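The values are calculated or read from the model by the stated rules, or taken from the named source; none is laboratory data. All of these numbers come straight from a predicted model, not from anything done at the bench. With ideal geometry, Cβ positions are generated from the backbone for all residues, glycine too; neighbour counts draw on all protein chains shown.
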Protein chains: 4
Amino acid sequence: MRLFRCACHSGLSYWSNVARAPADVGGGTRALPRSGGPVDASVLHDLAAASRILADQGVVDAFGHVSMRHPSDPNRFLMSRSLAPALVTPDDIMEYDLDCDCVDAQGRGSFLERFIHGEIFRKRPDVMAVVHSHSPNVIPFGLIDTPMRAMFHNAAFVARGVPVFDIHEKFGATDMLVGNSEKGVALAEKLGDKDVMLMRAHGSVATGPSLPVAVFRAVYTEVNARLQFQTAMLAGGGNIAALDAEEGRLADEVNLKSSARAWDLWKRRVGF
Amino acid sequence: MRLFRCACHSGLSYWSNVARAPADVGGGTRALPRSGGPVDASVLHDLAAASRILADQGVVDAFGHVSMRHPSDPNRFLMSRSLAPALVTPDDIMEYDLDCDCVDAQGRGSFLERFIHGEIFRKRPDVMAVVHSHSPNVIPFGLIDTPMRAMFHNAAFVARGVPVFDIHEKFGATDMLVGNSEKGVALAEKLGDKDVMLMRAHGSVATGPSLPVAVFRAVYTEVNARLQFQTAMLAGGGNIAALDAEEGRLADEVNLKSSARAWDLWKRRVGF
Amino acid sequence: MRLFRCACHSGLSYWSNVARAPADVGGGTRALPRSGGPVDASVLHDLAAASRILADQGVVDAFGHVSMRHPSDPNRFLMSRSLAPALVTPDDIMEYDLDCDCVDAQGRGSFLERFIHGEIFRKRPDVMAVVHSHSPNVIPFGLIDTPMRAMFHNAAFVARGVPVFDIHEKFGATDMLVGNSEKGVALAEKLGDKDVMLMRAHGSVATGPSLPVAVFRAVYTEVNARLQFQTAMLAGGGNIAALDAEEGRLADEVNLKSSARAWDLWKRRVGF
Amino acid sequence: MRLFRCACHSGLSYWSNVARAPADVGGGTRALPRSGGPVDASVLHDLAAASRILADQGVVDAFGHVSMRHPSDPNRFLMSRSLAPALVTPDDIMEYDLDCDCVDAQGRGSFLERFIHGEIFRKRPDVMAVVHSHSPNVIPFGLIDTPMRAMFHNAAFVARGVPVFDIHEKFGATDMLVGNSEKGVALAEKLGDKDVMLMRAHGSVATGPSLPVAVFRAVYTEVNARLQFQTAMLAGGGNIAALDAEEGRLADEVNLKSSARAWDLWKRRVGF
């Protein structure tokens, strides 16, 4: 059986290579996935920090989650057990394969909506981290016909376009949750090659080529939504001089670097 | 005389079974109600926590109150003495019958509007907890003709409909308070079988099959109101893709379980 | 010379009865006013608390002030020296006559706009405390033609009407400050018999028959303004079911008592 | 080589007068600028405080910066190394000439947008301090045709007019950053003789004849923007009784003095 050990503030955590017995996962009996290999404690530490940063920045409340691709195995990802984001510690991080089966749950519960993460990681090899949230200013834009636009350079990634995933289109009336692979596939399909996506009457998804960038985008998607609300109200039906596509592309290149400054500040704020 | 003892962090609190002498209650002299029996300290602790959570989450300020049905007697309920919600401790919890007479006040004052709670508990056997608040984003929806709708899955209970109680309809010009049984009856009548209700120029009521669910609904009624404000503004007169009734029903089933995650987080935040 | 001694946490503070020499006040040389007599330390303590409460509740920032009529001399009032409200201590409280001359400044600076307070105390014997603030949600209502209305029972005093004082009407272009008696008189005139008043492009004034009630009204004027903003936006031009005059009158009677609950909570929050 | 020593809480910091070797700056090799001379530690302390105040007041988040002209050399200015504003200490302050070359970087990174500061200091001898921020309520006014107006006396400086700098006008599609002298010149040109300026899809600039006044203006530009949003919404297309030009001029004279009260409070809040 694989072991998950987190030696959080001092060294490496790792999974042993002992094969595990098959286990019951989500109905049928199938073999538990093998681990993608040991993960440095600093990685788990950063992922827990990301979770707390999102809470501290008002992007998540009691709900929402963040994941990252396994550093040494692109077919695995890391994500907390089912827990309020503000409470996540490195010890709560679990490993999943892209079918969202847990490598070694040790009796801990998984987020129902981990399929958002697994299917995006499967479809988008460039994505290294995913945030799912219900950040409040963003939700209105998933309920109306007005598309999100980039109100300032920090939200430059918005200029590439923000699709809206409506689970009702393909699945009819549901509990709104992306609670299985089929729904995750449809969601990842709708995301396409974009960086962020709205989910109708639910929330949103932000992705990035690194954990800090995904967190940065989740935060500034929320900020941008509040800005766009105010701007749209003030503009009436008039012109809004948002970033155009090329400005967005150029500004996002800078953000990919400058997001490190935000990451450092935000980590400090949550005491990590 | 009945005793109310709270052994808050270590064991059970209880009322003795000694009969009490009649006392003056609300004008006429009538016998004080008998207690519904001893209540576990953890219950009182949770009710005090609920009060503080509502303050911490911005649902109540100096005013507002939360109650729960007595665990072993459906004709009794528990509620703090008249006190700002952020200050409530287990020792402040008192027991009432459904006429809102206090079992053993010990000289402590009662909330004027306890009749909101008593009459809902009388009319709605399924309701186990009631929150009354003036949470700010909700109040506007009690003053206009636009009904509240569910903007996202966490507020799924809104999809069942949110009536508006206007005390003026039946009682003319008043001090706006539900300060006697007759007004409480009218309010409970208007609530019908719904989960939440607005009170014109006053506030709102949220109910639930458990204390954590009632608190969850009070919090997300407030969140939903803010979301609907922004969404309605952005939509102009256009379409809003809110939860439909069936989506609301399905999503609320999930919330009944996932509200525990919020409850655990919120309790920690207030140090309970 | 009069002495001002604050024995804040233990007993009485008092002014000695020694006559003072004439001093230069605001230009001409005239005799300094006599003190209205010693003031209990708890009064000074409460006035400092009021100042900090207003800061804690977001009614004042670095600017704004609160005063109360002298407990034993209706022709004197108490007010902090010129200082950010969050920093006021009992030792900062000074005594003024209704001409706004300080009894014993001891070199400490006075607020430029103390004439707001002095002239209201002169014209309105029923007013025992005055708050002047620039609380943000209120300011817009001083700039437009829409009158404030009472959105809920806690703001019942608004139902009596909220006049707008435009300093430009009588004084033309100024620095907007009520910096002398003449301007104070015009302001008090416009207030008339109302409880609160807006000041165009500046802020507002709240009064009350006691210090806690004036503070309560300052807080709920701000809350009500935010509520009215949202309600007016949602209503479009449609009906708003605000408190009517009689509801306002009845609800305000309750507030005069229940404001004590808010006062107790707010004092605790600021550690007083 | 020049030394920068900060003896922050006890005395003077200074640069030695030893000439430095030429260094590579921004492409070509040119001589490093000479220092404008030693700077009192209290000055560095205040500039670090300004940075933290702007963060505490919600004007800057992880981004934004504040600078001041060198006290004894008008051709030099002081500014933090590239760092989140909430983290700046006196030791992080560096000296630049008006070409934005650093006197003695000691390997520390410079803000990309220091040219905002350098070119304003060059063009405007009356300006002693500059704040650049992305404060959220201000951004919408850089995206629409509605000019900012002064909603109350604390924002009196707005009454002189607030130009909007659109980097696209002269430079086409860019990363939106004022990252070289040419762009800084265009920005300073657009500012003209005004106190504050918006930057389209980016943020704003506030200036002042002293550090506290520039900070005061940055804070109240943000406050005023929120007020104008609400006022404009409530007014519909109707009249807004904003400060007129003469009222603005007169009120600003008062602010130049009263801003000290805000500065003292704000410094205390950040523990400086």
Could you check the range B:73-129 and list, in sequence order, the residues that are in contact with a strand residue (DSSP E or B) (Cβ under 8 Å, 6 or more places away or on another chain) and among the acidic types (Asp, Glu)?
B:92, B:95, B:97, B:101, B:104, B:113
Kindly indicate whether residue C:215 is buried (at least 24 other Cβ atoms within 10 Å of the Cβ), more than 7 Å from chain B (Cβ to nearest Cβ), touching a residue at least 12 places away in the same chain (Cβ under 8 Å) and within 19 Å of residue C:121 (Cβ to Cβ).
yes
Taking residue D:237, is it more than 7 Å from chain C (Cβ to nearest Cβ), part of a loop (DSSP other than H, G, I, E, B), surrounded by fewer than 20 Cβ atoms within 10 Å (Cβ to Cβ) and on the phi < 0 side of the Ramachandran plot?
yes
Before we move on, is residue B:183 modelled with pLDDT of 95 or more, in a helix (DSSP H, G or I) and touching a helix residue (DSSP H, G or I) at 6+ places or on another chain (Cβ under 8 Å)?
yes
Residues (loosely packed, with under 14 Cβ neighbours inside 10 Å and either touching a residue at least 60 places away in the same chain (Cβ under 8 Å) or touching a Lys or Arg at 6+ places or on another chain (Cβ under 7 Å) (or both)) located in the range A:240-253:
A:245
What number of residues in the range C:240-272 are in contact with an Asp or Glu (Cβ under 6 Å, 6 or more places away or on another chain) and either in a helix (DSSP H, G or I) or within 9 Å of another protein chain (Cβ to nearest Cβ) (or both)?
4
From the set of residues in the range C:158-168 that are part of a helix (DSSP H, G or I) and farther than 18 Å from residue C:231 by Cβ, which is nearest to the other protein chains (Cβ to nearest Cβ)?
C:168
Here are some residues: D:175, D:193, D:145. Which one is away from every other protein chain (no Cβ under 12 Å) and part of a loop (DSSP other than H, G, I, E, B)?
D:193
If residue A:222 satisfies every condition in (1) within 14 Å of chain B (Cβ to nearest Cβ); (2) touching a strand residue (DSSP E or B) at 6+ places or on another chain (Cβ under 9 Å); (3) under 29 Å from residue B:246 (Cβ atoms) but one, which is the exception?
(3)
How many residues of the range C:107-126 are farther than 18 Å from residue C:183 by Cβ and either surrounded by 24 or more Cβ atoms within 10 Å (Cβ to Cβ) or more than 14 Å from chain D (Cβ to nearest Cβ) (or both)? The answer is 3
Can you report the number of residues in the range B:72-111 which are touching a residue at least 40 places away in the same chain (Cβ under 8 Å), within 23 Å of residue B:217 (Cα to Cα) and part of a loop (DSSP other than H, G, I, E, B)?
4
Does residue C:177 satisfy the condition of being touching a strand residue (DSSP E or B) at 6+ places or on another chain (Cβ under 9 Å) and not acidic (Asp, Glu)?
no
For the range C:235-246, state whether one or more residues are at pLDDT 95 or above, within 22 Å of residue C:114 (Cβ to Cβ) and small (Gly, Ala, Ser).
no
Assess whether residue A:198 counts as being buried (at least 24 other Cβ atoms within 10 Å of the Cβ), within 14 Å of chain D (Cβ to nearest Cβ) and outside any helix (DSSP H, G or I).
no
In the range B:59-106, which residue that is within 21 Å of residue B:123 (Cβ to Cβ) and among the acidic types (Asp, Glu) is farthest from the other protein chains (Cβ to nearest Cβ)?
B:73
Check the range B:47-55 and report whether any residue there is among the polar types (S, T, N, Q) and closer than 27 Å to residue C:270 by Cβ.
yes
Being within 21 Å of residue C:258 (Cβ to Cβ) and away from chain C (no Cβ under 14 Å) is the requirement here; does residue B:184 meet it?
yes
Of all the residues that make up the range A:43-71, how many are β-branched (Val, Ile, Thr) and part of a helix (DSSP H, G or I)?
2
